[in-house]
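Here's the structure we're looking at; comments come further down.
The values are calculated or read from the model by the stated rules, or taken from the named source; none is laboratory data. Here the structure is a predicted model, which means the values were calculated and not measured. Methodologically, a virtual Cβ is constructed for each residue, glycine included, from the backbone with ideal geometry; neighbour enumeration extends over all protein chains shown.
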Amino acid sequence: MNPKDVAAIVTGGGSGLGAASAEKLASEGAKVTIFDLNEAAGRAQAAKIGGHFVNVNVTDQASVAEAVANAESQHGVARILVNCAGIAPGAKTVGKEFVPHSLDQFRKTIEVNLIGTFSVIAQFAARLAQADAIGEERGVIINTASVAAFEGQIGQAAYSASKGGVVGMTLPIARDLASYGIRVVTIAPGIFLTPMVAAMPANVQESLGKQIPFPSRLGRPDEYAHLVHSIVTNPMINGETIRLDGAIRMQPR
């Protein structure tokens, strides 16, 4: 699908991988709506790329439904969805002094990363399925997992479970939506220079980069966005999870 003049939604588009994806799609002529809980960051990025912003809590079904409708009122039926909204808390199953992992923290991670992703997919696809096709397809959904879905580290039980769920639902959703000509693809990034990593000391960032076989550096958000564009424009990529990680295989810590 050529993104030019096509409506797109990017969740978590105010920063990091989402911001880079929104910027790349806008540069290719897409009409981008950014969904983000951080209003200041979301509005700033939307203004930068000439897009539209909606304040959205992806764990709230009503908020998501209203946001998708809002985006459609601005740009028409969205045909590209990039799900980047997520959180990455860390906690061991059994913490110091034998304290068990907080169930509330575990639940919140699943609600944001997995249920939130699915909620946006469902609302987006329900509207897109009713639209006319463009050529042989109606649109494409791109989700963000993580290499932690496969090699979760110490303290990543909740995060890995949530991202593993995103990987696990990719193929069945692609099969669900195949009859509508809607593709579903997931990207599993490795260690990227997101705001969380950028806040770490320079020596820590350098150490993380050296763990990556090649190229031995942190991934750049624009490289994630480049893959997003490649997926959008290649109609045969469907039902797959693509690792974008420089061949890293994460160690326990």
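Against the condition of a type outside the set (D, E), at pLDDT 95 or above and either surrounded by 15 or more Cβ atoms within 10 Å (Cβ to Cβ) or under 16 Å from the mean Cα position of the chain (by Cα) (or both), how does G76 come out, does it pass? First the steps, then the outcome.
Working: of a type outside the set (D, E): yes; at pLDDT 95 or above: yes; either surrounded by 15 or more Cβ atoms within 10 Å (Cβ to Cβ) or under 16 Å from the mean Cα position of the chain (by Cα) (or both): no.
So G76 does not fit the description; no.
What are the pairs with Cβ atoms under 6 angstrom where one residue, in region 42-54, is over 13 Å from G12 (Cα atoms) and the other, located anywhere, is among the acidic types (D, E)? Sequence gap at least six, or different chains.
Correct list of pairs: I49/E23.
Determine the pairs where a residue that is under 14 Å from T117 (Cα atoms), located within region 165-189, has a partner that is of a type in the set (S, T, Y) and in a helix (DSSP H, G or I) with Cβ atoms under 8 Å apart, the partner being 6 or more residues away or on another chain.
Correct list of pairs: V166/T117; V184/T170; V185/T170; T186/T170; I187/Y224.
Checking P189 against (1) farther than 21 Å from C84 by Cβ; (2) surrounded by 15 or more Cβ atoms within 10 Å (Cβ to Cβ), only one condition comes out false. Which one?
Just one mismatch for P189, condition (1).
Which of the numbered conditions does G86 fail, given that it passes all the others? Conditions: (1) assigned to a strand (DSSP E or B); (2) within 22 Å of L208 (Cβ to Cβ).
The single condition G86 does not satisfy is (1).
Look at G181 and say whether it is out of contact with any strand residue (DSSP E or B) (no Cβ under 6 Å at 6 or more places or on another chain), crowded, with 17+ Cβ neighbours inside 10 Å and of a type outside the set (A, V, I, L, M).
On the way: out of contact with any strand residue (DSSP E or B) (no Cβ under 6 Å at 6 or more places or on another chain): no; crowded, with 17+ Cβ neighbours inside 10 Å: yes; of a type outside the set (A, V, I, L, M): yes.
So G181 does not fit the description; no.
Return yes or no: is Y224 crowded, with 22+ Cβ neighbours inside 10 Å, of a type outside the set (G, A, S) and touching a residue at least 40 places away in the same chain (Cβ under 8 Å)? Working first, answer last.
Working: crowded, with 22+ Cβ neighbours inside 10 Å: yes; of a type outside the set (G, A, S): yes; touching a residue at least 40 places away in the same chain (Cβ under 8 Å): yes.
Against the criterion (crowded, with 22+ Cβ neighbours inside 10 Å, of a type outside the set (G, A, S) and touching a residue at least 40 places away in the same chain (Cβ under 8 Å)), Y224 qualifies.
Tell me, yes or no, whether region 80-87 has at least one residue that is of a type outside the set (A, V, I, L, M), in contact (Cβ under 8 Å) with a residue 12 or more places away in the chain and either more than 22 Å from S162 (Cβ to Cβ) or surrounded by fewer than 24 Cβ atoms within 10 Å (Cβ to Cβ) (or both).
Going through region 80-87, the residues of a type outside the set (A, V, I, L, M) turn out to be 83-84, 86.
Okay, now just the ones that are also in contact (Cβ under 8 Å) with a residue 12 or more places away in the chain, so 83-84, 86.
Checking the rest, the ones that are also either more than 22 Å from S162 (Cβ to Cβ) or surrounded by fewer than 24 Cβ atoms within 10 Å (Cβ to Cβ) (or both) come to none.
No, every residue in region 80-87 fails to be of a type outside the set (A, V, I, L, M), in contact (Cβ under 8 Å) with a residue 12 or more places away in the chain and either more than 22 Å from S162 (Cβ to Cβ) or surrounded by fewer than 24 Cβ atoms within 10 Å (Cβ to Cβ) (or both).
Name the residue that is surrounded by the fewest Cβ atoms within 10 Å (Cβ to Cβ), counting only residues in region 8-35 that are more than 17 Å from the chain's Cα centre (by Cα) and either within 15 Å of A46 (Cβ to Cβ) or touching a residue at least 60 places away in the same chain (Cβ under 8 Å) (or both).
Within region 8-35, the first condition is being more than 17 Å from the chain's Cα centre (by Cα), and the residues that meet it are 27-31.
Narrowing further to those that are either within 15 Å of A46 (Cβ to Cβ) or touching a residue at least 60 places away in the same chain (Cβ under 8 Å) (or both): 27-28, 30-31.
Working: S27: 13, E28: 17, A30: 28, K31: 22.
Within region 8-35, the match that is surrounded by the fewest Cβ atoms within 10 Å (Cβ to Cβ) is S27.
Let me confirm something: among G135, G90, which residue is in contact (Cβ under 8 Å) with a residue 60 or more places away in the chain, closer than 11 Å to A158 by Cα and surrounded by fewer than 16 Cβ atoms within 10 Å (Cβ to Cβ)? Please lay out each step first, then the result.
Numbers: G135 fails: closer than 11 Å to A158 by Cα.
Matching residue, one of G135, G90: G90.
Being polar (S, T, N, Q) and farther than 19 Å from N55 by Cβ is the filter here, so list the residues in region 1-41 that pass it.
Keep residues of region 1-41 that are polar (S, T, N, Q), which gives 2, 11, 15, 21, 27, 33, 38.
Correct list: N2, S27.
When you check R43 against the structure, is it assigned to a helix (DSSP H, G or I), loosely packed, with under 14 Cβ neighbours inside 10 Å and at pLDDT 95 or above, yes or no? Give the steps one after another, and end with the answer.
On the way: assigned to a helix (DSSP H, G or I): yes; loosely packed, with under 14 Cβ neighbours inside 10 Å: no; at pLDDT 95 or above: yes.
In short, no.
Among the candidates V58, V120, single out the residue that is in contact with a helix residue (DSSP H, G or I) (Cβ under 6 Å, 6 or more places away or on another chain), buried (at least 18 other Cβ atoms within 10 Å of the Cβ) and closer than 22 Å to P235 by Cα. Break it down stepwise before answering.
Details: V58 fails: closer than 22 Å to P235 by Cα.
Matching residue, one of V58, V120: V120.
Only one of these is of a type in the set (G, A, S), under 23 Å from L177 (Cα atoms) and within 20 Å of the chain's Cα centre (by Cα): A65, A46, A40. Name it.
Being of a type in the set (G, A, S), under 23 Å from L177 (Cα atoms) and within 20 Å of the chain's Cα centre (by Cα) holds for just one of A65, A46, A40, which is A65.
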